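Working notes, structure below.
Since every read-out is calculated from the coordinates, none of them should be taken as a lab result. For clarity, every value in this text was computed on a predicted model and none was experimentally measured. For neighbour counting, all protein chains shown are included, and Cβ atoms are generated from backbone atoms with ideal geometry for every residue, glycine included.
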């Protein structure tokens, strides 16, 4: 008997670039049905809004600051990015 949480055959491949914003062209709904982890420069991050593995960056909120549309203001951090299923 296999445990569903360790069964990788039902999980879609993680894309090179992914965003949690449903309005983004880089949002993949099927990926968000599973728990995803992001490791940035060797440390697990829980506040990542968007990432790109090939370009080596993540976008994270800049504190509680909002843009004029009411969305969190994001800053881009560059470094080593790893995405994985938990």
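Overview of results
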| read-out | value |
| --- | --- |
| Mean Cα-pair separation over length for the chain, i.e. relative contact order, pairs under 8 Å, 6 or more apart, % | 27 |
| Rg/Rh (Cα only; Kirkwood hydrodynamic radius) as it applies to the chain | 1.01 |
| Residue of 44, 21, 67 that the Gaussian network model of the chain assigns the largest fluctuation, springs spanning Cα pairs under 10 Å | 67 |
| Packing-based exposure ordering (other Cβ within 10 Å, fewest first) of 24, 19 | 24, 19 |
